[in-house]
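For reference, the structure is listed below as structure tokens.
The values are calculated or read from the model by the stated rules, or taken from the named source; none is laboratory data. Please read these numbers as outputs of a predicted model, since none were measured by experiment. Glycine also receives a Cβ, built like all others from the backbone with ideal geometry; neighbour counts cover every protein chain displayed. Just the protein is used for accessible areas: all its heavy atoms, side chains included, with ligands, DNA and RNA removed. Shrake-Rupley method; radii C 1.70, N 1.55, O 1.52, S 1.80 Å.
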Amino acid sequence: MRIGGGIDGREWRTPEEWLSVVKQLGYDAVYCPIDSSAPESLRRDFKKLIKDNGLVLGEVGAWSNPLDADEGQRRKNIAYCEEQLRLADEMEAACCVNIAGCRGEKWDGAYPDNYDPYTYGLIVDTVREIIDAVRPSHTYYTLEPMPWMLPDSPESYLKLIKDIDREAFAVHLDYANMISSPRLYLHSRDFIRHCFHVLGPRIKSIHAKDLVLEEGLPCVIREVMPGKGTLDLKLVMQSAKKLGRDMTVYAEHLKDAGEYEEAVRYLRHVGKAN
């Protein structure tokens, strides 16, 4: 199992400076530090640096809305996903990750049409199109689960895997994004076990996040730094460890490098506990 996070607030200009920041933060899993617009020489330098220093590149982001209601913008976003998937394949990343997308103005927004049967068919066709354009051999295209768009449960992820029917489509696990009700929150240990049981063989990368249920009405479930909430992150880390020595686990959505250092130390601690 490899652990990493963001490098927010830390400046770097060269691959060597980037590596220095990664080492200072104690990461052995990294996000891709470049995008598909980077020149070939820089991509080659980063790939060599990552391998030579025993790091694992877990994720290349393709963050965009490939379901955009504006067809021109949708085509641009699909092209971007294809470019990022090619980069992930070239860099031999564990996966390229995006959200499925939505049918409203905000690229990651909550809209009724997100659950329309037409939208479901569009997700299937779009993921197939992205994968078939690239035909990756060293990576996988994945969708991060979200509370208000598909996939939003292990079962909906399994259905997408079946219907998309592409070997290069796999799972990015963000269990916290799927805990969207008090019932799931209060039974989070069972839900986390269920996620790993159902999706385990297809998981390529994991976000390790913590949650708190705030008092008051209506229900508010808030993301917090790992160790500051109530989720059983020891269970998460032990489950991730069973998926292999190079499974990548990331802390995310923290405000600065200091918080990332603290979070990664905590994840390592609970990951080593018996």
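Can you say whether H138 is modelled with pLDDT of 95 or more and in a loop (DSSP other than H, G, I, E, B), as far as the supplied structure shows? So H138 fits the description; yes.
Which residue pairs have Cβ atoms under 6 Å apart, sit 6 or more places apart or on different chains, and have a first residue in segment 218-236 that is on the phi > 0 side of the Ramachandran plot and a second that is surrounded by 17 or more Cβ atoms within 10 Å (Cβ to Cβ) and in a strand (DSSP E or B)? Listed by first residue and then by second, the contacts come to nothing, as the list is empty. Hey, can you tell me all the residues within segment 200-234 that are under 17 Å from G6 (Cβ atoms), acidic (D, E) and open to solvent by 10 Å² or more (accessible area, probe 1.4 Å)? Scanning segment 200-234 gives a single hit, E223. Given the conditions (1) over 18 Å from D174 (Cα atoms); (2) out of contact with any helix residue (DSSP H, G or I) (no Cβ under 8 Å at 6 or more places or on another chain); (3) hydrophobic (A, V, I, L, M, F, W, C); (4) open to solvent by 20 Å² or more (accessible area, probe 1.4 Å), which single one is not true for V134? Every condition holds for V134 apart from (2).
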